[in-house]
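The values are calculated or read from the model by the stated rules, or taken from the named source; none is laboratory data. None of these values were measured; they are calculated from a predicted model. A quick note on method: Cβ atoms are made from the backbone with ideal geometry, for glycine too, and the neighbour counts reach across all protein chains shown.
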Amino acid sequence: MNPFWAAAAALALDRVVGDPAWLPHPVVAMGRWIGWLERRWNRRHYSDRVRRALGAAVVVTTLAWAGGLTFGLLWLACRVSPALAALLNIVLTATTVAWRGLRDAGRAVYRRLREEGLDAARCEVARYVGRDTAHLPEPEVVRAAVETVAENLVDAVVSPLFFACLLGAPGAMMYRAANTLDSMLGHRDDRFWAFGWSAARLDDVLNFIPARLTAGIVAIALAFRGLPALRALRVMRRDAGGHPSPNAGIPEAMMAGGLGVQLGGWNVYHGVPSFRALMGDPLRTLEAEDIPRAVAVLDAACAVTGVLLAALGCAVRWGGGG
């Protein structure tokens, strides 16, 4: 099947179906596998050199089984029917995308903030961020939700679809494995600095192109929503480089510029304060309504992505490439 059309179909499927709680999810299996290896191989008495090597081995083995198992399932399906393989390719790719999950997360924080109060919103946002949330004031709860929506636009939408276009569902699943590795191992502390070094660097490399594609997609989405796309691009060029990640600062800065707010600042992780570079200008104070505004930008960006994928599929098909 045309890879661009397959990716567009997977995006649409995720928007409609999402990730049903009753259906086993590949990321859960990946997480269990990574956690099992980390507990056995990441020994404190090993030297940093040995821990780096073992961490790299975890990366290689995880990517190998994630991509290999997906390819094997598609191969078996193709033996039964090419149409079945094409459908399975779409379904498996959809499990690597989280448009619906991301928008539902933002809407859940907003709903609990509006209907149940600040304490309930703090508990809800704690499900999606690593920072301490127990004492956050309302603007900081809003910031956490908006930053989550913005940053994960790359990890949860654009990047898996990018690799699906290149390598089909196996590529998308290998990307999701790499992203899960980074989420679990790519921390800057004594336990993970050496062991998770390969996972963190790989995630940076894989997201480099998709993050920059996301800037253009979000600019179109902001213009579609009547928000200042040019201001967002200026903020992105000025502020994105200050983020600890070479990629995550791009969508965060675009969102900050588009909404006219300032993201970043002080976060607390397990009682330890940590400063994140400021993104955007404080043209106004963050307010609860910024969460649905961010979700609206997410929806528009995903719609733009789907249209672009469909258009690329048509160009390949009618241009003689498919």
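Numerical summary
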quantity	calculated
Answer residue from segment 272-288, given it is closer than 20 Å to residue 132 by Cβ and under 20 Å from the mean Cα position of the chain (by Cα) and is surrounded by the fewest Cβ atoms within 10 Å (Cβ to Cβ) among those	277
Tally of residues being closer than 19 Å to residue 160 by Cα and free of Cβ contacts under 8 Å to residues at least 40 places away in the same chain across segment 25-59	2
Flag if residue 192 is touching a residue at least 12 places away in the same chain (Cβ under 8 Å), within 30 Å of residue 58 (Cβ to Cβ) and in contact with a Leu (Cβ under 6 Å, 6 or more places away or on another chain)	yes
Residues of segment 125-135 satisfying the condition of being surrounded by fewer than 22 Cβ atoms within 10 Å (Cβ to Cβ), of a type in the set (A, V, I, L, M, F, W, C) and either in a helix (DSSP H, G or I) or more than 24 Å from the chain's Cα centre (by Cα) (or both)	134
Unique residue being out of contact with any Pro (no Cβ under 9 Å at 6 or more places or on another chain) and not in a helix (DSSP H, G or I) when the list is 122, 44, 40, 103	44
Some residue of segment 104-125 being at pLDDT below 95, closer than 26 Å to residue 172 by Cα and out of contact with any Phe, Trp or Tyr (no Cβ under 6 Å at 6 or more places or on another chain)	no
Selection count where residues are out of contact with any helix residue (DSSP H, G or I) (no Cβ under 9 Å at 6 or more places or on another chain), assigned to a loop (DSSP other than H, G, I, E, B) and either crowded, with 18+ Cβ neighbours inside 10 Å or not aliphatic (A, V, I, L, M) (or both), scope segment 1-37	4
Condition met for residue 52 (in contact with a helix residue (DSSP H, G or I) (Cβ under 6 Å, 6 or more places away or on another chain), closer than 26 Å to residue 188 by Cα, surrounded by 14 or more Cβ atoms within 10 Å (Cβ to Cβ) and of a type in the set (Lys, Arg))	yes
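Matching residues to (1) at pLDDT below 95; (2) within 30 Å of residue 5 (Cβ to Cβ); (3) surrounded by 18 or more Cβ atoms within 10 Å (Cβ to Cβ):
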site: 241; (1), (2), (3): yes, no, no
site: 244; (1), (2), (3): yes, no, no
site: 270; (1), (2), (3): yes, no, no
site: 290; (1), (2), (3): no, no, yes
site: 309; (1), (2), (3): no, yes, yes
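Let's see how each residue does on (1) farther than 30 Å from residue 29 by Cα; (2) crowded, with 21+ Cβ neighbours inside 10 Å:
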{"residue": "193", "(1), (2)": "no, no"}
{"residue": "208", "(1), (2)": "no, no"}
{"residue": "219", "(1), (2)": "yes, yes"}
{"residue": "223", "(1), (2)": "yes, no"}
{"residue": "226", "(1), (2)": "yes, no"}
{"residue": "232", "(1), (2)": "yes, yes"}
{"residue": "251", "(1), (2)": "no, yes"}
{"residue": "261", "(1), (2)": "yes, yes"}
{"residue": "265", "(1), (2)": "yes, no"}
